[in-house]
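All remarks here apply to the structure that follows.
The values are calculated or read from the model by the stated rules, or taken from the named source; none is laboratory data. All values reported here derive from a predicted model rather than from experimental measurement. Please note: Cβ atoms are built from the backbone with ideal geometry, for glycine as well, and neighbour counts cover all protein chains shown.
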Ligand code: CAA
């Protein structure tokens, strides 16, 4: 994937750009995104980051199923851990991160959007955590961050059915803050970033750091549990069947 990073004064825009796979992530692309966020941490004068996908169809279609299909439990754990590292790097960036979701945000794509501080989307956006259809649980933080975003009952429905959520529903359930025509999405993201960047950078960083502590309990414990279960799922016949069925373009048969 090309991970394109551009900078306009105090605002950086990170664009996921692998159109042939609807911006799905393999490990090479995850490493590139991780490097981009590690680099952004050190960027002088940076006050806000926008994360978006190239084109008008997809933000990110999740983890690369074609890479995952033959992984064993150890490989699944390692791939999950890399996704966790990227999501944590986004979440822990000192500056706020806005996800501008321009189409599909499926699986790991939705999870990376959830690691951002806020989300806005285009009218054609579709969100889903479809992992259970592939024989695995969510693996890049969705089991912890989706309940925080939309509440435990709605998160349970979305994760356990794997169903799609269109932009209007995403707005209603609080998954996104606003919905715009696709042509307006990036300008609106920049307006939002500029409003943040106009404020005291020290106060904005302090407020973000404080808000990250606002949830009771230790989120790290939940993330560790998720990662262990994600890795273990790669030792099951369900994972092989679910992902092979996607690659073969057929409906999986879970027994
Ligand atoms: N991994 C690998 N390749 C993918 C992909 C993915 N996640 N999503 C799409 N692609 C590929 C397709 O295989 C296809 O490639 P070919 O042209 O070589 O066949 C290409 O991108 C275009 O996709 P479609 O033809 O399927 O496009 P569409 O418009 O008909 O459908 C879609 C779009 C509904 C998003 C569909 O592509 C889809 O369902 N993709 C899978 C989404 C998914 O299940 N994501 C979750 C992955 S698991 C995960 O992320 C685990 C985790 O928690 C970290």
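Just a few scattered comments:
- Residue within segment 95-105 that is under 30 Å from residue 203 (Cα atoms) and near the ligand (Cβ under 10 Å from one of its atoms) present: no
- Annotation: residue 39 fulfils all but one of (1) within 16 Å of the ligand (Cβ to nearest atom); (2) more than 13 Å from the chain's Cα centre (by Cα); the unmet one is (1).
- Index of the failed condition, residue 241 passing every other in (1) closer than 15 Å to residue 48 by Cβ; (2) over 24 Å from the mean Cα position of the chain (by Cα); (3) not in a loop (DSSP other than H, G, I, E, B): (1)
- Flag for residue 116 being surrounded by 23 or more Cβ atoms within 10 Å (Cβ to Cβ), more than 9 Å from the ligand (Cβ to nearest atom) and modelled with pLDDT of 95 or more: no
- Some residue of segment 217-224 being farther than 29 Å from residue 13 by Cα, free of Cβ contacts under 8 Å to residues at least 40 places away in the same chain and part of a loop (DSSP other than H, G, I, E, B): yes
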